[in-house]
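See below for the structure under consideration.
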Amino acid sequence: MLDNKEKKEDLILQAINVSKSFGSLKAVNKARIEVKRGSITGLIGPNGAGKSTFFNLLSNFIMPDEGIVLFEGKAIQHLPPHKIAQLGMVRTFQVARALSRLTVLENMLLGKKGQVGENLISVFLQRGKIKQQERENKEKAMAILESVGLAEKAYDYAGALSGGQRKLLEMARALMTAPKLILLDEPAAGVNPTLINQICEHIMHWNQQGISFLIIEHNMDVIMSLCSHVWVLAEGKNLADGTPSQIRANEKVLQAYLGESS
């Protein structure tokens, strides 16, 4: 067995007693979660369980009323979202976000952090380095777009993409940041079955390359096929966690979540 120190070092993300209220509504109530480094972890629950709010709290798009969020052992609940992304934790949204009036390639290039040209002085003093970095960034972006089947759309406006293609673009753009952990909010929602299979294959491939994932998803086939560990929320509280087979057999989960869709 792992001792406490080894166990903590094995966790890339940990949330402890995280809570958030909106008026009299307790959307998240002392919830916790642990994501093991290198894993694909699932987060499920019935509608209104607080899953997306919990995601927003983990990434600090919403500040928690109480609780601690640790990324690689360091507290991040006080950091703005862009600082958290710079540390290596990025997220996608249930409704994929893309800048519709920019091309697919331009959307990708916006995801690259630490660009020399962001510094005004460098624009004048390091033009050669900026051009070289721009070439490298474009090559990286095109390689990622090729891997997700969007290379042919590189110069199309992002607004012309289908919903499923936008989700692929959002995940591809996240890869431009060289993430350690990606939080995916319903990657299969509103996507046709063929594209769902492609998305799952991409997630498994990226995971094999060392990227950890935490996934919210209502499609139980996706969760059960991808995830090694699953956490369940109900009414903002932890209901259960375990392996997919344990979750399938958990009576509380069947009543609170699976029973809802039967």
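The values are calculated or read from the model by the stated rules, or taken from the named source; none is laboratory data. A quick note: this is a predicted structure, and the numbers were derived from the prediction, not measured. With ideal geometry, Cβ positions are generated from the backbone for all residues, glycine too; neighbour counts draw on all protein chains shown.
List of remarks:
- When region 30-57 is limited to residues that are of a type in the set (S, T, N, Q) and more than 16 Å from Gln77 (Cβ to Cβ), the one that is farthest from the chain's Cα centre (by Cα) turns out to be Asn47.
- The residues listed here are Ser19, Ser24; of these, the one that is over 19 Å from the mean Cα position of the chain (by Cα) and either outside the structural domain of Leu233 (by TED's automatic domain parsing) or at pLDDT below 95 (or both) is Ser24.
- Residue within region 197-209 that is closer than 19 Å to Gln14 by Cα and of a type in the set (Val, Ile, Thr) present: no
- Lys138 vs. criteria in a helix (DSSP H, G or I), of a type in the set (D, E, K, R), at pLDDT 90 or above and assigned by TED's automatic domain parsing to the domain that holds Thr53: no
- Residue check, Asn29 modelled with pLDDT under 90 and within 20 Å of Leu239 (Cβ to Cβ): no
- Out of Asn219, Asn238, Asn207, sole residue that is closer than 18 Å to Gln94 by Cα and not hydrophobic (A, V, I, L, M, F, W, C): Asn219
- Scanning region 35-47 for residues that are more than 15 Å from Ile247 (Cβ to Cβ) and either modelled with pLDDT under 95 or in a strand (DSSP E or B) (or both) gives Val35, Lys36, Asn47.
- If the condition is being touching a residue at least 60 places away in the same chain (Cβ under 8 Å) and loosely packed, with under 15 Cβ neighbours inside 10 Å, then region 132-159 contributes only Gly159.
- Residue in region 123-135 that is closer than 24 Å to Ile40 by Cβ, in a helix (DSSP H, G or I), modelled with pLDDT under 90 and among the basic types (Lys, Arg) present: no
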